[in-house]
Amino acid sequence: MGLGYRFTGLQAAKNNFEISKGAQLIGQVNYNWGNVYLFKTNKGPRTIISKRFGLLWSASVGFSMNDSNDAISVVGWGNDTKCTVYAVEALDNNVKYIEMGSEGSRIRKYVGKENPIIFSWNKSIPWNDFNGIAYSTNGEAIYELRYPQNKSYINPTDDLKWFFISKN
C-alpha cells in the first residue's frame, strides 16, 4: 500500500495507508473537487479524502478512530479546507433524529433513513462548532456531543463522544 495517483477516487482511497485489505465501504460523500470515503476496517473506522487532479485521483489525507459500542458511535470523521464529514451510527433505539452544525449550517438527520448517518458540509467546521444533539421521538434532547468532564487529559479524536444528558 502506498500513496500515488489512481484512475478513480475509490481506488486512491483504498490505496491509502490507513485502509487494510478487506475494508468495507460504508459511506461516501461526493464533492465537485473530490470524494470522502468512509470505511469499516479491522483496525476501526477510517475516513479518506480523495482529490481529483485532472484525470487522476490521489488520497493522501486519512482519519482514524477507535471502534466503540457507545449509544451513538462515531464511524467517520474527516475535514480539510473544503469540507467536513462526520458520520455516526445510533445504537440507542430511543434516538429519533440528530442535529449538528452551527447556526446557518445546522443539519437534521433522522435515524433509519441512512446507516450510517452522514453529515457533510462544503467547508471546514471545527469540532467545537458541531453542537451535536440527539433527540428522542418526543423531541427531548437525550445525548450531546462533547468531551468528558473532569478529565485531566483529552485525546482530541477519541474522547469527543456522545454523552447521555442527565435530568438532575
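The values are calculated or read from the model by the stated rules, or taken from the named source; none is laboratory data. Just so it is clear, the model here is predicted, and its values are computed rather than measured. As a convention, Cβ positions derive from the backbone with ideal geometry for all residues, glycine included, and neighbour counts pool all protein chains shown.
If you scan the range 1-59, which residues turn out to be of a type in the set (A, V, I, L, M, F, W, C), under 23 Å from THR84 (Cβ atoms) and without any contact (Cβ under 8 Å) to a residue 40 or more places away in the chain?
Pass one, the range 1-59, residues of a type in the set (A, V, I, L, M, F, W, C): 1, 3, 7, 10, 12-13, 17, 19, 23, 25-26, 29, 33, 36, 38-39, 48-49, 53, 55-57, 59.
Now restrict to residues that are under 23 Å from THR84 (Cβ atoms): 3, 10, 12-13, 17, 19, 23, 25-26, 29, 33, 36, 38-39, 48-49, 53, 57, 59.
Across the range 1-59, the qualifying residues are ALA23, LEU25, PHE39, ILE48, ILE49.
Of everything in the range 34-67 that is polar (S, T, N, Q) and touching a strand residue (DSSP E or B) at 6+ places or on another chain (Cβ under 7 Å), the residue that is farthest from GLU114 (Cα to Cα) is SER58.
Here is the figure for the range 27-65: residues that are over 12 Å from the mean Cα position of the chain (by Cα) and not in a strand (DSSP E or B) total 7. Tell me which residues, restricted to the range 84-121, are assigned to a strand (DSSP E or B) and of a type in the set (Gly, Ala, Ser). Listed by number, the residues that qualify are ALA87, ALA90, SER120.
The residues listed here are ILE117, ILE107, ILE165, ILE154; of these, the one that is surrounded by 19 or more Cβ atoms within 10 Å (Cβ to Cβ) and not assigned by TED's automatic domain parsing to the domain that holds ASN35 is ILE117.
Among the candidates ILE72, ILE48, which residue alone is touching a helix residue (DSSP H, G or I) at 6+ places or on another chain (Cβ under 6 Å) and either under 17 Å from PHE130 (Cβ atoms) or of a type in the set (Val, Ile, Thr) (or both)?
Result of the check over ILE72, ILE48: ILE48.
Would you point out the residue of the range 127-168, among those that are among the charged types (D, E, K, R) and closer than 22 Å to ILE107 by Cβ, that is farthest from the chain's Cα centre (by Cα)?
First, the residues of the range 127-168 that are among the charged types (D, E, K, R): 129, 140, 144, 146, 151, 158-159, 161, 167.
With closer than 22 Å to ILE107 by Cβ added as a condition, the list becomes 129, 140, 144, 146, 161.
Values: ASP129: 14, GLU140: 24, GLU144: 16, ARG146: 15, LYS161: 12 Å.
That would be GLU140.
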